[in-house]
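The values are calculated or read from the model by the stated rules, or taken from the named source; none is laboratory data. Only a predicted model underlies this, so the values are computations on that prediction, with no experimental measurement involved. Cβ sites come from the backbone with ideal geometry, for glycine too, and all protein chains shown count toward neighbours. To get the accessible areas, we keep the full protein, side chains included, count just its heavy atoms, and leave off ligands, DNA and RNA. Shrake-Rupley method; radii C 1.70, N 1.55, O 1.52, S 1.80 Å.
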Amino acid sequence: MPVEVFLITVVPAADTTKARSVLHGYTETRPVTHRFTRVRHVRRLDQSIRGIPILRSLQSSNPKPDSLAQWQDLHSTLSRQQYMLTERVDITQDAEAAVAAGQPVPMSEQTQKGERILRFNDFPDPPNPRVPQTVMQRKQIDIREPGPLLEQHMADSGFSVANEYIEETYHWWDNNNLEFVLWRQYNDLPNPTPAPLVQAPDQANWMVPDMSKMEPVAPFWMLYVRALVDANPVDRMAERMAEAHGRLGKVEKELEGVFSFMVFDRRALDTRYTGEDPE
Amino acid sequence: MADGKDSLRLAPDEFKQLEVLRNRFHQLTHSLNSLFNDIQRSQPLPSQESLTASAAILQKSLETIQKLADENSDLFQRIVVHPSTNFPGRTQEHILLQLLRKKLEPEVESWVEDARSVARASGLDPSKLASAQQRSNDYDDDDDDYRDEEEDAPSDPFNEQWADMFQVSMDSIRDYLMNQANEPYTIAEREMGIENVRTGLKRSLEEEDSEEEDEDEDEDEDRPLAAAGLGNVNAANLFHPEHVLWLASRGNMKVPKNVDLEAIRKREKPRGRPAPAQ
């Protein structure tokens, strides 16, 4: 299972332009990628369902899905512990259409049927004297499938939507395979009740809000610097992890004085689910 | 041009001063070229230390030149450049005109005017500036006289401004120490109501003097957010970075109480063995 290794810090909203300029210059990325993503948190209310019940049907399907290995990893993980997962869909084009129209627009058919990502983020590893304090790491699984298919698989596995928000991100990449993400959230959506996981045939498409009229959750952005360490081959994983730590350490040192990467309590990123939804 | 100090009718020490000035200008030109090349080579810019060092070197060079000009102002005012009789004026007229030119080139003249405008906009008195005492574009001599002829003031034309700035800064420091440092709440916090401010303390800051240990905790709690530029985070809504991370992880903002909300924790030194008791 791949491991995400990352640094985090906070960028006040007033400093966003400066931060973006610095990241432009530092990564020499042209042009910057600006995205809006709808993020839905899904969980299983029925805690007796373990693993991925549809795994056997996926394994016996012909042709086998490209994401079978990821489904198998997820099955192993969810057999031991329940987690909150996220379903992510890129709504950038629809968001731009909503801004141009000056009002919410229904999600386009292209987006509706386009690729979705089911993401599992594990509870981050505990602090380790061999890992720099500002570096966090956690296992991560991304399953990519067309929207309707993924939603059906999740529904068949007992998942339902807990809540949803919109994420706005800027992305830069550097030659060291590091991704820099400036990120903030909007959770005050026009419809406070999340749409069901699987869209009914007579149900209208999800409404993409006019982002120019939305207020972000917080007066600051978060900056991630992340590397994804491949799990294969397993015998050299420690070496690859140490190398990723080194790359992030180099970034932290080179950006010293510009960004001050923070040490957070890993419990703030706890995705383990015990069956209780907050009111 | 002149082919020796004798034809210049300069005393040996006077010629030496001229040579020293020429060397100083050469050093300044070299330093400027070095900085220019450094900026061109570095992507995006040279390091802050490098830029600071270069600025210090340039300032030092300018100070040296200014001091030299002050000390030899009579000499440099008196010296007039002229071609010697054997200078090939007809074939090298262009070079001759460049060497004899007293007025600044148009581009340089506009730079000087821009700098003066900036100085005036900042409230600096142009009459205190080096070249402005001429009050015209005519220069009698090649040399600049940085001394105020009427008052015979010190060489730094900004002495008065430096004194004003020093006084203002001392007044500000005194005001901060006497008044502001003792204030437990900011103006914005008082306006929104101190009862809404989350200090993390059970007791009121207004009622009793804080113990030093609690003050440190308070600073440690507040300074990390302020250091991150979040001094104005809405305390009433309790927005911390942990809330945002929790939203990304769980989809809601209800961070459990066991999650440490200090955004920046003191970096702990690796725990070693305790020192042996003595």
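Couple of notes before you dig in:
- Under 12 Å, Cβ to Cβ, from residue B:60 - net charge with Lys/Arg +1 and Asp/Glu -1: +1
- FRET E, pair residue A:239, residue B:62, Förster distance 56 Å, beta-carbon r, rounded to 0.05: 0.55
- Estimated distance in nm for a label pair at residue A:80 and residue B:34, the labels positioned 7 Å out from Cα along Cα-to-Cβ: 6.0
- For segment A:1-100, the list of GluC sites (Glu not before Pro) that fall in a loop by DSSP and count at most 15 other C-beta atoms within 10 angstrom reads A:28.
- Taking other residues whose beta carbon is less than 11 angstrom from the beta carbon of residue A:90, and scoring Lys, Arg as +1 and Asp, Glu as -1, yields +1.
- Contact surface A-B: accessible area buried, both sides summed, square angstrom, 1.4 angstrom probe: 2800
- Accessible surface area normalised per residue over chain A is 48 Å², counting heavy atoms of protein chains with a 1.4 Å rolling probe.
- Loop-located trypsin sites (Lys or Arg not before Pro) across segment B:57-120 with a Cβ neighbour count of 16 or fewer within 10 Å are B:90, B:101, B:102, B:103, with loop assigned by DSSP.
- Under conditions of 25 °C and 0.890 mPa s, chain A yields 121 µm² s⁻¹ as its translational diffusion coefficient, taking Rh as the Kirkwood radius over Cα pairs in the Stokes-Einstein equation.
- The modelled label-to-label distance for the pair residue A:191/residue A:276, using points 7 Å beyond Cα in the direction of Cβ, is 3.1 nm.
- Residue A:11 sits among other residues whose Cβ lies under 10 Å from its own Cβ, and their net charge, with Lys and Arg +1 and Asp and Glu -1, is +2.
- Nearest-10 value in Å² for the accessible area of residue A:90, using the 1.4 Å probe: 80
- Projecting the Cα atoms of A:248, A:153, A:93 onto the charge dipole of chain A (Cβ charges, centred on the Cα centre) puts A:248 farthest toward the positive pole.
- Other protein chain Cβ atoms within 10 Å, averaged over every residue that makes up A:268-275: 5
- Solvent exposure, largest accessible area first (probe 1.4 Å, DNA, RNA and ligands not counted), of A:37, B:52: B:52, A:37
- Expressed as a whole percent, the accessible area of segment A:1-87 that falls on carbon and sulfur atoms is 49 (1.4 Å probe).
- Considering helices alone, the calculated mean residue ellipticity of chain A at 222 nm is -8000 deg cm²/dmol, with DSSP H runs of length four and up weighted by -39500 (n - 2.57) and normalised per residue.
- Once both labels are positioned 7 Å from their Cα atoms along Cα-to-Cβ, the gap between residue B:49 and residue B:80 label points is 5.3 nm.
- In this structure, the amide hydrogen of residue A:220, modeled 1.01 Å from its nitrogen in the peptide plane, lies closer than 5 angstrom to those of A:13, counting only residues at least 5 positions away or on a different chain.
- Heavy-atom accessible area, probed at 1.4 angstrom with all protein chains present, ranks A:24, A:153, A:34 as A:34, A:24, A:153, highest first.
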